[in-house]
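The values are calculated or read from the model by the stated rules, or taken from the named source; none is laboratory data. Because the structure is predicted, anything quoted here is derived from the model rather than measured. Backbone-built Cβ (ideal geometry, glycine too); neighbour counts: all protein chains shown. Areas reflect the complete protein model, heavy atoms only, side chains present, ligands, DNA and RNA absent. Shrake-Rupley method; radii C 1.70, N 1.55, O 1.52, S 1.80 Å.
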Amino acid sequence: MCERRSVVSMSLPSYYLRAACLLIAGSSYASAECVPFTDAPKKIGETVCITGKVIKVAHSGRSGTHFLNFCDDYKNCPFTVVIFSRDLPDVGDVRWLEGKVIEIHGKVKDYKGQAEIVLSDLRQLTGEAAKLPKLPKQYDAATKGNYSAGEFRPEAKTKAKSKPKRKKGDDADLGEADPNPPPN
């Protein structure tokens, strides 16, 4: 039914049929059946949809990498999602995902015996999770994902310009009279 023809030789209804076939084929990625995060180790090397509740969003203060943990003890969890600090501007504020059920699409990789998907683009998330807010303006992903209020530099101390001391008789030179002349 979805055969190749040039657009010129197609009648209008068959053009729409072709467009519908392309739309269905392209959307199969987004509508793929998600597997629970506990089954992720069985899917290593495959591009699939994984679903689960994010228990905690953690980040490394050293590298700025963020992790979506699906278990209380991440070391014994079968699956995690990794977001590198360089990808945060493209993904958004992942801290918002804590406590939410997410669906993530991507290639499942093995990292030190644990299955993981690297989240580098917001389009990998579907459902409610795909509505992540952007990073706050002061969130500095380039400096390990920490908040940055900028650098504080105290103002350079400037020497107060002192007025020259007036000597007796200086006011007369300016054409001003001394309001309190000294007693004679």
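Other residues whose C-beta falls under 11 angstrom from the C-beta of residue 121 contribute a net charge of -1, scoring Lys and Arg +1 and Asp and Glu -1. Taking 25 Å as the limit for the C-alpha separation, the pairs 56/107; 43/75; 75/107; 42/131; 75/100; 42/134 exceed it in the case of 42/131; 42/134. Our summary of shape: the Cα atoms of the range 34-91 have principal axis extents of 31, 25, 18 Å, ordered from largest down, in whole angstrom. Counting only protein chain heavy atoms and rolling a 1.4 Å probe, the accessible areas of 90, 72, 39 rank, largest first, as 72, 90, 39.
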